[in-house]
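The values are calculated or read from the model by the stated rules, or taken from the named source; none is laboratory data. The model shown is predicted, which means the values in this text are computed figures rather than measured ones. Virtual Cβ from ideal backbone geometry, glycine too; neighbours counted across all protein chains shown.
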Amino acid sequence: MSLRPAKPRALDVAAFAEAGQDLSGAWPLTELVRLSDSTAPEARPGAEDAVRWSLRGEHRPRAGGDPIVRLHLQADTRLFLSCQRCLAPVEVLLRIDRSVRFVRDEAQAAELDTLSDEDVLAMDRRLDVQAWVEDEMLLDLPLVPRHSRCPAPLPGAEALGVGVAPPEGEGFEPLPEPEPPRVQPFAELGALAALRASLGGAAPEAEAGGAEPPRPPRRKGRGPAS
Ligand SMILES: [Zn+2]
(Lines give C-alpha, C1' and ligand atoms only; values in the text may rest on other atoms or scores of the structure.)
Protein backbone atom coordinates (compact mmCIF):
# COMPACT_ATOMS: atom_id res chain seq x y z
CA MET A 1 0.00 0.00 0.00
CA SER A 2 1.59 3.20 -1.14
CA LEU A 3 1.71 5.91 1.48
CA ARG A 4 2.34 8.57 -1.06
CA PRO A 5 1.88 12.08 0.15
CA ALA A 6 -1.00 12.97 -2.16
CA LYS A 7 -3.23 15.18 -0.06
CA PRO A 8 -6.03 16.47 -2.19
CA ARG A 9 -7.05 19.06 0.32
CA ALA A 10 -8.31 21.37 -2.43
CA LEU A 11 -9.59 19.25 -5.24
CA ASP A 12 -11.01 20.85 -8.36
CA VAL A 13 -13.95 18.49 -8.61
CA ALA A 14 -15.09 19.49 -12.11
CA ALA A 15 -11.65 19.14 -13.66
CA PHE A 16 -10.95 15.93 -11.79
CA ALA A 17 -14.19 14.36 -12.96
CA GLU A 18 -13.97 15.63 -16.48
CA ALA A 19 -10.54 14.09 -16.85
CA GLY A 20 -11.98 10.82 -15.59
CA GLN A 21 -9.24 10.68 -13.02
CA ASP A 22 -8.86 8.55 -10.03
CA LEU A 23 -6.73 8.99 -7.02
CA SER A 24 -5.86 6.86 -4.07
CA GLY A 25 -3.59 6.86 -1.11
CA ALA A 26 -3.37 6.54 2.61
CA TRP A 27 -3.12 9.01 5.44
CA PRO A 28 -1.84 8.34 8.91
CA LEU A 29 -4.93 7.99 11.07
CA THR A 30 -3.38 10.45 13.52
CA GLU A 31 -3.65 13.11 10.82
CA LEU A 32 -7.43 12.91 11.09
CA VAL A 33 -7.46 14.56 14.46
CA ARG A 34 -11.18 14.56 15.12
CA LEU A 35 -11.38 10.88 14.37
CA SER A 36 -8.25 10.09 16.40
CA ASP A 37 -9.68 11.94 19.37
CA SER A 38 -12.72 9.67 19.28
CA THR A 39 -10.70 6.55 19.94
CA ALA A 40 -10.25 4.77 23.26
CA PRO A 41 -7.69 6.66 25.39
CA GLU A 42 -5.68 3.50 26.09
CA ALA A 43 -5.60 2.49 22.42
CA ARG A 44 -4.91 5.65 20.47
CA PRO A 45 -3.82 5.17 16.86
CA GLY A 46 -0.11 4.87 16.28
CA ALA A 47 2.17 5.69 13.37
CA GLU A 48 1.31 2.43 11.63
CA ASP A 49 -2.44 3.04 11.60
CA ALA A 50 -3.67 4.39 8.30
CA VAL A 51 -6.78 5.47 6.51
CA ARG A 52 -6.76 4.05 3.00
CA TRP A 53 -8.88 5.82 0.44
CA SER A 54 -9.62 6.01 -3.24
CA LEU A 55 -11.55 8.51 -5.26
CA ARG A 56 -12.89 8.23 -8.74
CA GLY A 57 -14.45 10.93 -10.87
CA GLU A 58 -17.38 10.43 -13.18
CA HIS A 59 -18.42 12.87 -15.86
CA ARG A 60 -21.42 12.26 -18.08
CA PRO A 61 -22.37 14.85 -20.68
CA ARG A 62 -26.05 15.57 -20.99
CA ALA A 63 -27.74 17.01 -24.01
CA GLY A 64 -29.10 20.43 -23.19
CA GLY A 65 -27.83 20.60 -19.65
CA ASP A 66 -24.95 20.52 -17.29
CA PRO A 67 -22.99 17.30 -17.31
CA ILE A 68 -23.54 14.91 -14.47
CA VAL A 69 -20.56 14.97 -12.22
CA ARG A 70 -20.05 12.43 -9.48
CA LEU A 71 -17.29 11.43 -7.14
CA HIS A 72 -17.09 7.90 -5.84
CA LEU A 73 -15.26 7.61 -2.58
CA GLN A 74 -14.09 4.52 -0.78
CA ALA A 75 -12.12 4.53 2.42
CA ASP A 76 -11.41 2.23 5.28
CA THR A 77 -9.55 2.14 8.52
CA ARG A 78 -9.36 0.29 11.79
CA LEU A 79 -9.45 1.91 15.18
CA PHE A 80 -10.40 1.19 18.77
CA LEU A 81 -13.27 2.67 20.71
CA SER A 82 -14.18 2.21 24.35
CA CYS A 83 -16.60 -0.68 24.82
CA GLN A 84 -19.70 0.66 26.50
CA ARG A 85 -20.13 -2.56 28.43
CA CYS A 86 -16.65 -3.31 29.81
CA LEU A 87 -14.83 -0.06 28.99
CA ALA A 88 -11.93 -1.92 27.36
CA PRO A 89 -10.93 -1.00 23.80
CA VAL A 90 -12.98 -2.67 21.11
CA GLU A 91 -11.81 -2.91 17.52
CA VAL A 92 -13.97 -1.11 15.00
CA LEU A 93 -13.59 -1.41 11.24
CA LEU A 94 -14.86 1.51 9.22
CA ARG A 95 -15.62 1.09 5.55
CA ILE A 96 -16.94 4.01 3.58
CA ASP A 97 -18.46 3.67 0.13
CA ARG A 98 -20.14 6.82 -1.04
CA SER A 99 -21.14 8.45 -4.26
CA VAL A 100 -21.97 12.10 -4.38
CA ARG A 101 -23.25 14.14 -7.24
CA PHE A 102 -21.79 17.58 -7.64
CA VAL A 103 -23.76 20.43 -9.13
CA ARG A 104 -23.02 24.00 -10.02
CA ASP A 105 -24.14 25.82 -6.91
CA GLU A 106 -26.04 25.62 -3.65
CA ALA A 107 -29.38 26.51 -5.21
CA GLN A 108 -29.15 23.66 -7.65
CA ALA A 109 -27.96 21.35 -4.90
CA ALA A 110 -30.96 22.21 -2.75
CA GLU A 111 -33.33 21.67 -5.65
CA LEU A 112 -31.88 18.32 -6.61
CA ASP A 113 -31.69 17.22 -3.03
CA THR A 114 -35.48 17.34 -2.74
CA LEU A 115 -35.98 15.55 -6.05
CA SER A 116 -33.74 12.55 -5.60
CA ASP A 117 -32.26 10.24 -3.03
CA GLU A 118 -28.83 10.99 -4.33
CA ASP A 119 -26.42 12.92 -2.15
CA VAL A 120 -25.79 16.24 -3.75
CA LEU A 121 -23.16 18.85 -3.05
CA ALA A 122 -22.29 22.13 -4.70
CA MET A 123 -18.89 22.36 -6.32
CA ASP A 124 -18.57 26.07 -6.01
CA ARG A 125 -15.47 25.62 -3.97
CA ARG A 126 -12.57 23.22 -3.87
CA LEU A 127 -13.11 20.00 -2.06
CA ASP A 128 -11.03 18.96 0.93
CA VAL A 129 -11.10 15.21 0.39
CA GLN A 130 -9.44 14.44 3.70
CA ALA A 131 -12.05 16.41 5.64
CA TRP A 132 -14.76 14.67 3.64
CA VAL A 133 -13.36 11.23 4.46
CA GLU A 134 -13.10 12.18 8.11
CA ASP A 135 -16.68 13.47 8.17
CA GLU A 136 -17.93 10.24 6.64
CA MET A 137 -16.00 8.14 9.12
CA LEU A 138 -17.21 10.13 12.10
CA LEU A 139 -20.76 9.58 10.88
CA ASP A 140 -20.03 5.91 10.52
CA LEU A 141 -18.80 5.39 14.09
CA PRO A 142 -21.07 3.08 16.06
CA LEU A 143 -23.15 4.96 18.62
CA VAL A 144 -22.71 2.28 21.25
CA PRO A 145 -19.49 0.39 20.56
CA ARG A 146 -19.43 -2.98 22.27
CA HIS A 147 -17.57 -6.26 22.08
CA SER A 148 -19.75 -9.05 20.82
CA ARG A 149 -18.29 -10.84 23.81
CA CYS A 150 -16.37 -8.82 26.35
CA PRO A 151 -12.88 -10.27 26.90
CA ALA A 152 -12.51 -9.83 30.64
CA PRO A 153 -14.99 -10.55 33.41
CA LEU A 154 -16.30 -7.06 33.51
CA PRO A 155 -13.34 -5.04 34.71
CA GLY A 156 -15.65 -2.08 34.57
CA ALA A 157 -18.02 -3.59 37.07
CA GLU A 158 -16.47 -1.64 39.92
CA ALA A 159 -17.25 1.59 38.19
CA LEU A 160 -20.86 0.50 38.00
CA GLY A 161 -20.95 -0.42 41.68
CA VAL A 162 -21.30 -4.14 41.01
CA GLY A 163 -19.49 -6.27 43.57
CA VAL A 164 -18.58 -3.37 45.75
CA ALA A 165 -19.38 -4.04 49.40
CA PRO A 166 -22.42 -2.15 50.55
CA PRO A 167 -22.02 0.34 53.37
CA GLU A 168 -21.52 -1.48 56.63
CA GLY A 169 -24.58 -2.85 58.27
CA GLU A 170 -26.94 -1.21 55.86
CA GLY A 171 -29.66 -3.73 55.41
CA PHE A 172 -27.07 -6.42 55.00
CA GLU A 173 -27.63 -8.55 58.09
CA PRO A 174 -29.79 -8.22 61.15
CA LEU A 175 -28.51 -5.72 63.63
CA PRO A 176 -26.62 -7.51 66.40
CA GLU A 177 -28.79 -6.10 69.13
CA PRO A 178 -32.06 -4.27 69.01
CA GLU A 179 -31.81 -0.57 69.27
CA PRO A 180 -33.63 0.93 72.18
CA PRO A 181 -36.78 2.67 71.09
CA ARG A 182 -36.01 6.15 70.01
CA VAL A 183 -39.38 7.62 70.53
CA GLN A 184 -38.39 8.86 73.97
CA PRO A 185 -36.03 11.76 73.89
CA PHE A 186 -34.39 11.04 77.25
CA ALA A 187 -30.74 11.69 77.38
CA GLU A 188 -29.81 9.64 80.40
CA LEU A 189 -29.18 5.93 80.16
CA GLY A 190 -30.87 5.46 83.47
CA ALA A 191 -33.98 6.97 82.14
CA LEU A 192 -33.95 4.59 79.24
CA ALA A 193 -33.42 1.58 81.47
CA ALA A 194 -36.24 2.69 83.66
CA LEU A 195 -38.44 3.09 80.70
CA ARG A 196 -37.66 -0.40 79.48
CA ALA A 197 -38.36 -1.84 82.87
CA SER A 198 -41.66 -0.09 83.01
CA LEU A 199 -42.55 -1.56 79.64
CA GLY A 200 -42.46 -4.97 81.26
CA GLY A 201 -39.42 -7.20 81.20
CA ALA A 202 -38.27 -6.24 77.79
CA ALA A 203 -34.87 -5.26 79.10
CA PRO A 204 -33.28 -8.10 81.00
CA GLU A 205 -29.87 -6.51 80.71
CA ALA A 206 -31.01 -3.81 83.03
CA GLU A 207 -31.27 -6.42 85.77
CA ALA A 208 -28.34 -8.49 84.64
CA GLY A 209 -26.12 -5.55 85.38
CA GLY A 210 -27.17 -5.86 88.99
CA ALA A 211 -27.63 -2.19 89.41
CA GLU A 212 -30.95 -0.82 90.29
CA PRO A 213 -32.33 1.43 87.64
CA PRO A 214 -31.42 4.82 89.02
CA ARG A 215 -34.75 6.35 88.24
CA PRO A 216 -33.57 9.87 88.29
CA PRO A 217 -36.18 12.13 89.70
CA ARG A 218 -35.72 14.69 87.00
CA ARG A 219 -37.18 12.40 84.48
CA LYS A 220 -40.63 13.74 84.41
CA GLY A 221 -39.94 17.34 83.95
CA ARG A 222 -37.63 20.17 84.48
CA GLY A 223 -39.37 21.26 87.60
CA PRO A 224 -37.20 19.91 90.43
CA ALA A 225 -34.14 21.77 89.35
CA SER A 226 -35.72 25.12 89.80
ZN1 LIG B 1 -16.55 -5.08 26.17
- State yes or no: is residue 13 in contact (Cβ under 8 Å) with a residue 60 or more places away in the chain and among the aliphatic types (A, V, I, L, M)? yes
- Message: Scan the stretch 144-156 and tell me whether some residue there is polar (S, T, N, Q), without any contact (Cβ under 8 Å) to a residue 60 or more places away in the chain and within 16 Å of the ligand (Cβ to nearest atom).
- Response: yes
- Message: Tell me whether the stretch 120-142 contains one or more residues that are within 16 Å of the ligand (Cβ to nearest atom), loosely packed, with under 12 Cβ neighbours inside 10 Å and touching a residue at least 12 places away in the same chain (Cβ under 8 Å).
- Response: yes
- Message: If I go through the stretch 48-87 residue by residue, how many of them are aliphatic (A, V, I, L, M), within 22 Å of residue 135 (Cα to Cα) and within 16 Å of the ligand (Cβ to nearest atom)?
- Response: 2
- Message: If I go through the stretch 63-87 residue by residue, how many of them are closer than 21 Å to residue 12 by Cβ, without any contact (Cβ under 8 Å) to a residue 60 or more places away in the chain and touching a strand residue (DSSP E or B) at 6+ places or on another chain (Cβ under 6 Å)?
- Response: 7
- Item | Any hit, the stretch 63-73, residues being among the basic types (Lys, Arg), over 28 Å from the mean Cα position of the chain (by Cα) and assigned by TED's automatic domain parsing to the domain that holds residue 30 | yes
- Note on the structure: The lone condition residue 90 fails out of (1) more than 16 Å from the ligand (Cβ to nearest atom); (2) in contact with a strand residue (DSSP E or B) (Cβ under 9 Å, 6 or more places away or on another chain) is (1)
- Go through the stretch 5-37 and count every residue that is assigned to a loop (DSSP other than H, G, I, E, B) and surrounded by fewer than 16 Cβ atoms within 10 Å (Cβ to Cβ). 10
